[in-house]
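Please treat every number below as a calculation from the coordinates, not as lab data. Here the structure is a predicted model, which is why all the values come from computation and not from measurement.
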């Protein structure tokens, strides 16, 4: 099953799953880019990433791959898929390692949102840090992207660490969570009222007993918790 098939089956993946697969993608690209000369895949997309039985990714379809040639200004053959191809693949300049980083960013967008529509990222159920990482990876200008796959992978790992250290406040509660919170608040109010009523009854009983015996009423003050 490819990442596209998995995402289409599920609708979209969770933030944790997206980050986990993203880190694996970066690991694969890092090995390709460290070859001499660097190997540029040029078609990184969900369809070309196979998920094995143990959850590992395998890169497919190297038909469009090429060796980076620093002396060339642009590619001689235009290749790629319209949803994941970087702008430079359409003749603006030569493709390099940042072209694959663009494809990785677009792939992460699809996993998280179930679509290549960037507008959906704003409402995606994930941390703001991950949204920033995806936007930077898929930036139009190559110089605005992460310059190496390793840097993108580290940015994704930082998203996980930040999420654990400072869990995001989503600002919205599910209906069940809101009902539970209201129930707890109501129960607390009832218990407080009962406690106050009980305290009042005790004082009244003490006062009556004192009057009956002809003794003074003890000076008892009930302190309530300061708000």
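A compact table of results
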item: Values of log10 I(q)/I(0), in the order q = 0.10, 0.13, 0.14 Å⁻¹, for segment 3-165 under a Debye, Cα-only, solvent-free model; result: -0.33, -0.56, -0.65
item: Segment 3-165, relative contact order [Cα under 8 Å, separation at least 6], %; result: 28
